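Below is one structure, written out as structure tokens, with a few remarks after it.
The values are calculated or read from the model by the stated rules, or taken from the named source; none is laboratory data. Computed from a predicted structure; not experimentally measured. Counting neighbours? That spans all protein chains shown, and the Cβs are built from the backbone with ideal geometry, glycine included.
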Amino acid sequence: MNHSHEVYLFGQILGTHSFLLKDGFLRPDEYSEIGEQYFLPGGETGTAATVLSSLGVSVRMDGTWIGTEVAPMLKSFYAGKTADLSSLTYTDEPGVMDYVVIAGLVRSPMGRFQTLFASGKRWWNIPKEEDIAGCRAAAVDPFFGRESLLAAELCCRYHVPFVTIDSPHDSVLHRQAAVNVVSKECTSQHYAGMPPEAVMEKMQQETDGLTIITRGGEEMLYGRKGEPIRRMKPFPVAVRSTLGAGDTFKAGCVYGLLHGMKDDDLVRFAGACSAVAISRFPLPLNPPKLSEVRNLIASAEEAVR
């Protein structure tokens, strides 16, 4: 079977309206000036595809149905990039979009996702076996229920290691994933009141894969079953926008899997990808380049020496 892509991505692909404010975050009953605004690809899978393409990886993405307001932008943006859109489904609806207000370290996303999920209707694709068979690494996001589980099952069937995000310790995705990246938001929701070390131990016990707990500007925890918990500080950079930071970290983990990195190197690479991403805006127009990520890692190592 001939494959044109190294990586398969399954999950949310959106049109994101982003607004970078000039003078701090929104305050009730006060005017806010918009410094920059854009309509660009977003979502966990859309952003990861953008970053991986910038790193020189060929990807095929699938997931959210693409509507009439999103499709022209999406097709134009990815033209000439190493991101294959051929598995996507296009509809006559406007399409799934979100709206994000940003001011430095603070952002607030808005959308209609609760309404969409509560509708009981599927608005995403069913993973295709031929897209997964033969690729070398994948990412499967947990938001699409049975279809997310099917994507993971197909990855396991064809021995394709995959990254997932925010999957609790007792989930199928956590048990099957090569890497599970768990955000601060996820631990607050599922493990409220538990110290991160206790959450980490709980996660480690349920999988042979690598678990990474990210905590914004605080040090990350990571490790595997039977191993001591390891820690790594984020790279210090001037933050312009945190939009897409977690999705970029996920993309860095996929890159690490694809290239057979050891755990320490994979976490360091993903952290550097995310650090480069938060230092600029908008991320889709300025995704991390491989040379920038390597230079940041080298600079940090030199500073330690």
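Does Pro236 qualify as being outside any strand (DSSP E or B) and farther than 30 Å from Ala103 by Cα? Quick ask: steps written out before the conclusion?
Values: outside any strand (DSSP E or B): yes; farther than 30 Å from Ala103 by Cα: no.
Against the criterion (outside any strand (DSSP E or B) and farther than 30 Å from Ala103 by Cα), Pro236 does not qualify.
Right, Gly56: at positive phi, modelled with pLDDT under 95 and in a loop (DSSP other than H, G, I, E, B) or not? Steps first, please.
Working: at positive phi: yes; modelled with pLDDT under 95: no; in a loop (DSSP other than H, G, I, E, B): yes.
No.
Go through the stretch 125-171 residue by residue and tally those that are within 19 Å of Cys253 (Cβ to Cβ) and of a type outside the set (Phe, Trp, Tyr). Give the steps one after another, and end with the answer.
Our first condition is that a residue be within 19 Å of Cys253 (Cβ to Cβ); within the stretch 125-171, this holds for 132, 135-143, 148, 151-152, 155-156, 159-169, 171.
Applying the additional criterion that residues be of a type outside the set (Phe, Trp, Tyr) yields 132, 135-142, 148, 151-152, 155-156, 159-161, 163-169, 171.
Within the stretch 125-171, residues that are within 19 Å of Cys253 (Cβ to Cβ) and of a type outside the set (Phe, Trp, Tyr) number 25.
When you go through Glu44, Glu93 one by one, which is the residue that is among the charged types (D, E, K, R) and surrounded by 23 or more Cβ atoms within 10 Å (Cβ to Cβ)? Give the steps one after another, and end with the answer.
On the way: Glu93 fails: surrounded by 23 or more Cβ atoms within 10 Å (Cβ to Cβ).
Sole residue among the options that is among the charged types (D, E, K, R) and surrounded by 23 or more Cβ atoms within 10 Å (Cβ to Cβ): Glu44.
Can you give me the number of residues within the stretch 61-85 that are assigned to a loop (DSSP other than H, G, I, E, B), farther than 20 Å from Arg122 by Cβ and of a type in the set (Gly, Ala, Ser)?
Qualifying residue count, the stretch 61-85: 2.
So which residues in the stretch 207-225 are closer than 20 Å to Ser167 by Cβ and either at pLDDT below 95 or assigned to a loop (DSSP other than H, G, I, E, B) (or both)? Please lay out each step first, then the result.
Narrowing the stretch 207-225 to residues closer than 20 Å to Ser167 by Cβ: 207-216, 220-225.
Of everything in the stretch 207-225, those that are closer than 20 Å to Ser167 by Cβ and either at pLDDT below 95 or assigned to a loop (DSSP other than H, G, I, E, B) (or both) turn out to be Thr207, Asp208, Gly209, Arg215, Gly216, Arg224, Lys225.
With respect to Ala152, is the statement that it is under 20 Å from Leu258 (Cβ atoms) and outside any helix (DSSP H, G or I) true? It would help to see each step written out before you state the result.
On the way: under 20 Å from Leu258 (Cβ atoms): yes; outside any helix (DSSP H, G or I): no.
So Ala152 does not fit the description; no.
What residue, among those in the stretch 51-81 that are of a type in the set (Ser, Thr, Tyr) and free of Cβ contacts under 8 Å to residues at least 40 places away in the same chain, is nearest to Val293 (Cα to Cα)? Don't jump to the end; show me each part of the working.
Going residue by residue through the stretch 51-81, those that are of a type in the set (Ser, Thr, Tyr) are 53-54, 58, 64, 68, 76, 78.
This time we only want the ones that are free of Cβ contacts under 8 Å to residues at least 40 places away in the same chain, so: 68, 76, 78.
Values: Thr68: 35, Ser76: 26, Tyr78: 22 Å.
Selected residue: Tyr78.
Looking at the stretch 95-141 only, could you name the residues that are part of a strand (DSSP E or B) and of a type in the set (D, E, K, R)?
Of the residues in the stretch 95-141, the ones part of a strand (DSSP E or B) are 97-104, 106-110, 124, 137-140.
The answer is Asp98, Arg107.
Output yes when any residue across the stretch 185-192 is among the hydroxyl-bearing types (Ser, Thr, Tyr), surrounded by fewer than 23 Cβ atoms within 10 Å (Cβ to Cβ) and in contact with a His (Cβ under 9 Å, 6 or more places away or on another chain), and no when none is.
yes
Filter the stretch 224-242 down to the residues that are in contact (Cβ under 8 Å) with a residue 24 or more places away in the chain, of a type outside the set (D, E, K, R) and farther than 15 Å from Val276 by Cβ and list them by number.
Ile229, Met232
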